[in-house]
Structures are given as structure tokens and as C-alpha cells.
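We did not get these values from a lab; they are worked out from the coordinates using the rules stated. As the structure is a prediction and not an experimental result, all values here were calculated from the model. Positions of Cβ are backbone-derived with ideal geometry, glycine not excepted, and every protein chain shown enters the neighbour counts.
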């Protein structure tokens, strides 16, 4: 490890922290401009202005926004995500199991989608412009063009209703075994895989094809290296950086963007929690969810940057 | 003794597709035949577009950019390799025939260590196990004079110098013990002082391992050092084919004679006068990042109507010197005087008149012209910009300039893409001279051109100098060009001036060590030059 490399990595990490700070402001401000507030929600339409004012004072909503922001941020820095206004439970406890569920669904989908996408990408390059390439391109393009709720409902129609292999409700609970959990999430997992596969596969294909015109690829061909080895060993390592980036964007999507899929399959994840609490105006929960999503997103992108840097031998081994 | 390789009536065609037209098949190689014995070297020589690389790649049954071998046969070990397919073809490529490319920097995979790339073929062909292959690679590194042969291969391509990388590629070609190696301009991208070592290493290796070779180059002097026989090619056809001795000393064809002839251009040196120099660079130092000094304490003088050649290898700071004088890189220290007055360091601070008087011609005419402008616009633009000339008057001036560069009114409506390399550079010259400058900086203006075309461009530049009394600051790495056209010479090395003076003084001994090294590294058009030059050089230079 060179000092240059360490400095580059530290720069990325520092940049990530700064971005996260800026995002915390944005999250607070957008929660602030939501119409209505939790006092209104709790008391309902018939509440008198006096009641509302009393409740707001009780909940600390009458303090100036800057002070509330500083309180919130101070709590987070100390590891305290705050307390739900509606049911008075600590936010961390509310989010805990939901976040694990989301991670579970995302990880299983990623474990299937990422290797599949890269393998299909490599195959598409190997048989470039021939029927396997066209077939892979056409299918993945179709999958990417369909909205995920459509894919989800079609899967439910065929594999839950016509063929009752799986349940259309992907409820999981703490008492279920790993096998039962996996069985429960087959359909949402398939939906997610469909949605992210195409993007990653097409990027893999494009990145490798970009590298294939390099002189060192011609050299490998002239050395009599077999076509698949040319792609896998000579082209792939040099195309890794854009591939890592698109993989990470999709991983982030699997965690952050699953709201629709969770709602379709009634899966108890973060997305559901987020949507529920926006409608309840339970701002501490909403803000905490937003911040966790942002952390995941920034963390993964930072990881992509760092992996790209480490993947470059010129940075790993300076002259 | 039977022949290792027989090429008979080889025809190679390429599909050329002009937008909006039907693709046409163009013949790249037209009925070329030759034979090669084991352990012998055949030199293929010609200008760009002669088809020499295409023939070299055909020996690996490979066609680049839609080139297809449409006729003839290539017999290696009594088998027609053009009939090979699949595994058999892969066994042939890299196994029996290997390839050494022009740019080793681009042809090594940046993601893998040198060792892994060098032993890949021997292992995948089943010729050796990994341990054995690595051991053999180390033997090769040692043979090719690479430093620390034990650990050399554990480095990545970007960690070694260009000359070392080219030798490493020769090691890669030898690693599978092939019968034939195709060397495609292996030293063209190197500096002369590096070229000589690589050339000697290649020659020794070929002899030591008794491998046959096709040696492709545009430089007859280089080919003359390594080849037993030479084939001269032009426009895909064979011009002449004979022993190296015959081609170098008794060429039959006129084209070969032209190639062999030392530069036909030669300028008598103009003596220095007492007059105020047109350009005076006084103790200039400059850097791009504020830390590394690319040019250090440089002083030069150039008189009106004279040519000063600035010569040096890559990294010597010669192009940076051009940028400093043009005002593109303000120096951190020192001053420049033009016609006795201090020249503002930044281009922005310079008047239009100064910009008119100092002009530049670039190495790559292709990228120095707007491809969407006609020749009329390209040459006419400075006329309008500097003198406000328009309409018929401008048209007449443009035609006059075109005639000066021996082209004429026919070219007015053409686009740069419709011209040859030499014509493009001529148009760039006309564009520079259109503003009637007093100083023209020529940055490697003939480096991208074939020798005969380059000669024509040099002749033109000299004629125009006589007619207009313009001064040239001529930046080049090519000693032959320097010899041909300069009045005075500045030799640069790593940003510093080694020596400066009149041509006759610089080119005659005694020389400072670097000038000596530089001059003695320029290949000469005679057999046995390489051996003499190498034995005359000190061993420490071989470390490079």
C-alpha cells in the first residue's frame, strides 16, 4: 500500500462524511416542509387551535427549526436516533428488525443478480452480435423497460395464483427458519433481480467491449489465447472500474429503492416503515429512515470508489 | 535446406466504407511472395500504407480492421496456415509464430504482472509448466540485458521504462520457443539512444535462439542492421527483393535508390552576423506544476533568416521550449526578447501584431486543422484575421499561397481528410506563412511523415525561407533533419542545454558526452554499423 493510495482513500472517506452532513440538512428541511404535522395527525380534523398548540409545545415542535436540527444531529452523533412521536418507542428499536429484513432481501437478490449479470455480460461479449448476444440484450432490455410493480404482479399471477407454488404475501417473522424465509421471498427477490440485472449486464458488456479494442487485447489474440480467456483474463480486469460502479449503484437501489416491491408483496422492510411514517408525519422515524438510506447509498458509492482505486495497479504499485 | 516459411502470391483486401457509398474492397497487399529459412531475418521495408504490417500479421493468419486474406498461401512447416481454424490456429499463434508490436506500453496488459503475461503462452500451449516457464523467462531477461532478471518480471508494465518494456516484449515472443517472430516496428517509438540497445538485444536474441524473423520497419538503416534479406514494398506491391548487401549498396529500382540515398536536402550554414538577434531567450526556467522544472536556465539566440534546430530526446524539454516562446507556458524565471524588445510572457498580454509575427506549425497536421473547414477557409482565415483581406482579394492570396506550397487552386474546396499527410503539412505551412511572420516554430513537423515526403516538406520550408527571410526554430529528435536544414543547433537533455552553437561546430568533434552518445546512436545506412556503434559505447549506457 502506497501513501498515495492511502491519501486517495482517506480523501474519499472524508468526502463521504461531508456529503452525509449536507444530506442530513436536506432531510431535515424536506421533513420540515411536509404539509401538516404530527399534532394535526394525532388530534384529527376536529382539533381546536389551542389543543394543537398545547400538543406542539408538549412535543417540542414549537422550538425554532435550527435548535431542533441541532438537537437531532447531536443525538445522532451520540448514536441516539430519537423517539417516535406517535408510539413513544425508540426509533432504533422500530427500525432494527425492519432494516435486517431489507438487508436480507437485498443480499439474496444481489447474490443472484450480480454474478448472473456479469456472467451474462461476458457471454454477450463472447458471442458479440451473434444470437446469444442478441437474445440476452433483448430479454434484459425488456425486463428493464417494464415497471417493477408490473413484473411483481405478473409473477404473483403466474406463480402464486395460477400455480400456487409461492404465497403472494412475503411475510417474514423472527420465528421463521432460513429455509422458510427464503421460500417467502422468492417472488420479491425474482422481481428485484429482473429489474437490476439488465442495467449491470449491459454495463459489463459495454465496458468490456470498450476495452476489447486495446492493443493489448490484439496482443493476447496474437498469442493464441482462447476467446473466453481473452475476455475474462485480459479485458475484464481493465473494465472492472465502471462495472464496480454500476454494481454498487444497483446494490444501493436494492436497499433504498425497494419501497414499491415491499408494498406489493407486503414485505416488512424499511421501505414500508418509511411510507407508513410519512403518512403519520412521525418525523423522527422518517428522518432516521432517510438518513440510513443516505448512509447506505454514500457508503456503497464510497466503497466503489475505493475498490476502483485499489483495482488500478498504477495506484497500487507506484513507480 | 528446406524453407521454414513460404509465402506465395499473397493477396489481402480490406473493406473500405465511405459514408453514403457502398463498401469497396481495396487491395492492401498484391501478390507478394517470399521465402524464409530457419534462423534468417527478412526485413520488410516501406512507407505507411505499403502493406508491411499487414503481411507480418498474415504470418499469424490474422487480419486487422476487416482485412481479409483473399488469395495465395502461407506455408509454414509444409502446412498452409491459412487453412487453420479454432484450436489449431491458436496453437499456431504464439506457439510457432509470435509477434512483437510497435508500442510495448500499449501492448502489455496494464492489469497483470510482466511474468504472468510472458509465461502465459508457454503454459497454455502445454510447452512448459509454470515453474519451468518462469525459469526460462528469467534466462530470457538476462539474455536481453534486462536489469535484475530474478525480480524483473514481478513488476507491472507501468513500472518499467519504454526500452525495457520493448525488450520484455521480445522475451514474451521468445518464451514459447517459436520458429518465427514478427517484429513490427519494434524500435520506432523509442529514442535513438534507447533504440540502439534494444536493436542490439533483439539481434543477439534472434541469433542465439536461431529463430527466423520478419523485421518490419520504415527505416532502412535500422533494417540493414538486423536483416539478411530485404524486401522493399510500396502500395502493397513488391518493389525489390534481395540480400541486404544488394539493397543497401546496389539497389536496382529507382524507389529503393531514393530510400537508400542520404537526405537529398542540405543547407549551407549561414555565418553568424553581428546583427541584433530576432529571438533571444535569456536564462528561462519553467515548470508545469510549480515543482518539477521542465526547462532549466535556457538561453538561445536566433537571427533573422536563420534556422535554429533544437534537438533532444523525449523529456528533454524541447516542445516545452516552443510553448514558452509561443506564450502558452509563462516561464517562472528569465526573459524572452523579440526584435530587441521584451516579449510579454503570456499569450493574452501579447498584441495581435506579435501574434502575427510568431507562428507555429505542429507535428500532427491531422489534428491541427479543423476537419470541417475547406482548405480555402483554413489558409484564408489568418488573412482575414490579421489583414482584413476578404472576397476576391483573399481568394487570389490563398491561391498564391497554395502555389507557393506547390499545390494550386484545385485544392480550394477540399477538406483536410481528402489530402495526403504531406499535403496536409504543406497546408499548415501555408497557413502559418499567410500572416507573413518573422518567426515560425516548427514542432517535429516532419516526424509523422514518410522519409521521402518529409524531404519534400523540408525542401519547401527552405525555399520559403530564402524567399521570405523567415526564421525557423526547428524542434526535432531527428539528427538527419538537423544536419539537413539548420544553421545553428541547440542540444537539450532533461530540460537543460547541453551545448549550442553553429552547425559546423556542434557536428564536429570533440563533443560533450551526451552529444557524442546522441550522434553515435543514429543508425547509419551501412552494414555492420550496429556492431561498431555498440562496441564503441561504454557498458554503462546499456543499463538504460
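Brief remarks on what is shown
- Rg and Dmax of the stretch B:433-497, Cα atoms only, in Å: 12.3, 36
- For the peptides B:163-176, B:391-404, B:85-98, A:253-266, the ranking by packing is B:163-176, A:253-266, B:85-98, B:391-404, with the highest mean count of neighbouring Cβ atoms within 10 Å listed first.
- Given R0 = 35 Å, the distance between the Cβ atoms of residue B:535 and residue B:364 translates into a calculated FRET efficiency of 0.40.
- The stretch B:290-310 and the stretch A:189-228: distance between their alpha carbon centers, rounded to Å: 49
- Potential lengthening of the chain between residue A:78 and residue A:130 amounts to 12.9 nm, from the contour at 0.36 nm per residue minus the alpha-carbon distance.
- Our note on the geometry: Cα centres of the stretch A:264-314 and the stretch A:53-94, 21 Å apart.
- Extension gain (nm, one decimal) between residue B:420 and residue B:436, 0.36 nm per residue minus Cα-Cα: 3.2 nm
- 10 Å Cβ neighbours from other chains, averaged over peptide A:207-219: 4
- Contact order, relative form, for chain B: 15 percent (alpha carbon pairs under 8 Å, 6 or more residues apart, mean separation divided by residue count).
- Cα gyration tensor shape of the stretch A:1-159, rounded if a/c is under 1.5, else prolate or oblate by comparing a/b with b/c: oblate
- Sorted by Cβ neighbour density within 10 Å, fewest at the top, the residues B:44, B:220, A:315: A:315, B:220, B:44
- Residue A:175-residue B:354 pseudo-label distance in nm [points 7 Å out on the Cα-to-Cβ vector]: 8.8
- Semi-axis lengths, largest first, of the ellipsoid equivalent to chain A are 44, 28, 15 Å, with √(5λ) applied to each eigenvalue of the Cα gyration tensor.
- Take each residue in B:103-116, count the other chain C-beta atoms within 10 Å of its C-beta, and the mean is 5.
- 22 Å tail of the calculated P(r), the stretch B:146-248, as % of Cα pairs: 35
- For the stretch B:479-496 and the stretch B:441-478, distance of Cα centres in Å: 13
- Computed from Cα atoms, the angle from the helix A:283-311 axis to the main principal axis of chain A rounds to 20 degrees.
- Note on residue B:403 and residue B:447: with the Förster distance fixed at 30 Å, the Cβ-Cβ geometry gives a FRET efficiency of about 0.70.
- Chain A: relative contact order in percent, alpha carbon pairs under 8 Å with at least 6 residues between: 29
- Long-range Cα-Cα pairs in the stretch B:422-544 (distance over 16 Å), rounded percent: 68
- Between the helical axis of B:192-209 and the longest alpha-carbon principal axis of chain B there is an angle of about 10 degrees.
- Global size of the stretch A:100-277: 18.8, 62 Å for Rg and Dmax (C-alpha atoms, Rg to one decimal, Dmax whole).
- Shielding of peptide B:91-101 by partners, expressed as the average count of other chain Cβ atoms within 10 Å per residue Cβ, is 3.
- Where the Cα pairs of the stretch B:279-524 fall when distances are cut into 10 Å bins, in %: 7, 31, 35, 21, 6, 0
- All alpha carbon pair distances within the stretch B:482-530 were sorted into 5 Å bins beginning at 0; the resulting P(r) in whole percents reads 5, 19, 28, 25, 15, 7, 2.
- Packing-based ranking, highest mean first, of A:101-108, A:190-197, A:10-17 given that Cβ atoms within 10 Å are counted: A:190-197, A:101-108, A:10-17
- Angle in degrees between helix B:130-143 and the longest Cα principal axis of chain B, rounded to the nearest 10: 50
- Using C-alpha pairs under 8 Å with a sequence gap of at least 6, the mean separation divided by the residue count of the stretch A:100-277 gives a relative contact order of 34 percent.
- The protein assembly as shown gives an Rg/Rh value of 1.07, both radii derived from C-alpha positions and Rh following Kirkwood.
- Between residue A:183 and residue A:150, the FRET efficiency from the beta-carbon distance, with R0 = 35 Å, is close to 0.90.
- Hypothetical label at residue B:297: residues of the stretch B:496-528 whose amide nitrogen lies under 17 Å (7 Å Cα-Cβ projection): B:496-500
- Net length available on complete extension from residue B:346 to residue B:8 is 115.6 nm, with 0.36 nm assigned per residue and the Cα-Cα distance removed.
- When each of the peptides A:157-168, A:220-231 is scored by how many other beta carbons lie within 10 Å of its residues on average, the order from highest to lowest is A:220-231, A:157-168.
- Prolate/oblate/rounded call for chain B, Cα gyration tensor, a/c under 1.5 rounded: prolate
- Gyration tensor (alpha-carbon) shape descriptor, the stretch A:31-90, a/c threshold 1.5: prolate
- Separation in nanometres of the label points that stand 7 Å from Cα toward Cβ, at residue B:80 and residue A:88: 9.4
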